[in-house]
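Read the structure below first, then the notes.
The values are calculated or read from the model by the stated rules, or taken from the named source; none is laboratory data. Please read these numbers as outputs of a predicted model, since none were measured by experiment. Ideal geometry is used to build each Cβ from the backbone, glycine not excepted, and the neighbour counts take in all protein chains shown.
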Amino acid sequence: MGSSPVADNVIFHSGPEKAVLGKTTDNKTLIKESCMETKSEMTDRERSALIRKLLVRISFLPLFIMGFTLLPAGTLNYWEVYLYFCIIFFTMLFAFIYFMRKDPRFLERRSRGTEKVKEQKLFQLLTLPVFIAAFVIPGLDKRFGWSDVPPEVIIATDAFILGGYIIIFMVFRQNSYASRIIEIDQEQKVITTGLYSLIRHPMYIGVLIMYMPTPLALGSYWGLIPMTLLPITLAYRIINEEKVLRENLPGYTEYCQKTRYRLIPYIW
């Protein structure tokens, strides 16, 4: 997703779903993949370097939350932040341990963050202030008491956010080449089964479920206002991404004809 420590850390959350471009073994056939069990290997040196890189990224998460939520709130007495942080941190830690054991190359691909396509650079630029506002406004809301969100609503929202990450994790397990950026990989294949048989961008559904209600989980109604822009920017990203995929990934056009809906069945 956009460039923020929280968004970037959707393993590394977010970000968003970037199917990688590459060659199939048969350019005339739409390759169907079941749940991918990639057993990618790394040297000890590569593994150590990757672990250090990801741990540095994880370390920015509490700094981001402190700088963009606790400081605007002007208080440490903010239980909603700590509950949200625990959900994000422990799901991220679980995914980190799981993929370091099962598919470290996937984590390496997810750690790349510099877009090469100008339209996707624009997407990152547009979403950055949206994500920052999603944390700053709840902090200000806490300071000035604008909202009074019931605790049970906050807890239910956190459970909803956890459900969004579960969807993202399922996509990661199925598609080892779900990079955060558009790039070419010679071994990439079109995934057509599982969640990909229902919609073409299942990870983005998880992203919306996970990020749109974030201000509510932090106790703010007003913070939801900038998050209404997220589906719009995400639609822009999807349209551009599919244009590139159709032009460069053999079999993707046929896949689009078979799986009609991009994000929401029977709607879009």
Practice task
Just give me the residues in segment 46-97 being within 27 Å of residue 140 (Cα to Cα), over 18 Å from the mean Cα position of the chain (by Cα) and charged (D, E, K, R), in sequence order.
Solution key: 80
Completion exercise
Checked pairs for segment 252-268, first within 14 Å of residue 203 (Cβ to Cβ), second surrounded by 12 or more Cβ atoms within 10 Å (Cβ to Cβ) and acidic (Asp, Glu), C-beta under 9 Å and 6 or more apart or across chains, list as 262/242
Problem - Residue match in segment 91-110 (condition: more than 23 Å from residue 176 (Cβ to Cβ) and either in a helix (DSSP H, G or I) or at pLDDT below 90 (or both)) - result: no
Problem - Within segment 32-57, tally of residues that are modelled with pLDDT of 80 or more and among the small types (Gly, Ala, Ser) - result: 2
Fill in the blank from the handout: Among 147, 59, the single one that is among the hydroxyl-bearing types (Ser, Thr, Tyr), out of contact with any Cys (no Cβ under 9 Å at 6 or more places or on another chain) and outside any helix (DSSP H, G or I) is 147
Practice task
Count, please, the residues in segment 188-214 that happen to be closer than 28 Å to residue 141 by Cβ and under 13 Å from the mean Cα position of the chain (by Cα).
Solution key: 9
Problem - Residue, farthest from the chain's Cα centre (by Cα), within segment 215-232, restricted to residues that are assigned to a helix (DSSP H, G or I) and surrounded by fewer than 23 Cβ atoms within 10 Å (Cβ to Cβ) - result: 225
Exercise for the section: Could you check, for segment 58-73, whether at least one of its residues is at pLDDT below 85, within 17 Å of residue 131 (Cβ to Cβ), surrounded by fewer than 18 Cβ atoms within 10 Å (Cβ to Cβ) and touching a Pro at 6+ places or on another chain (Cβ under 8 Å)? Expected result: yes
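In this structure, is residue 177 of a type in the set (Phe, Trp, Tyr), loosely packed, with under 15 Cβ neighbours inside 10 Å and at pLDDT below 90?
Answer is no for this residue.
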Handout entry: Any chance residue 262 is surrounded by 14 or more Cβ atoms within 10 Å (Cβ to Cβ), more than 18 Å from residue 121 (Cβ to Cβ), at pLDDT below 95 and among the charged types (D, E, K, R)
Key = yes
Problem - Enumeration of residues in segment 233-266 that are of a type in the set (Ser, Thr, Tyr) and either within 23 Å of the chain's Cα centre (by Cα) or closer than 27 Å to residue 149 by Cα (or both) - result: 233, 236, 252, 255, 259, 261
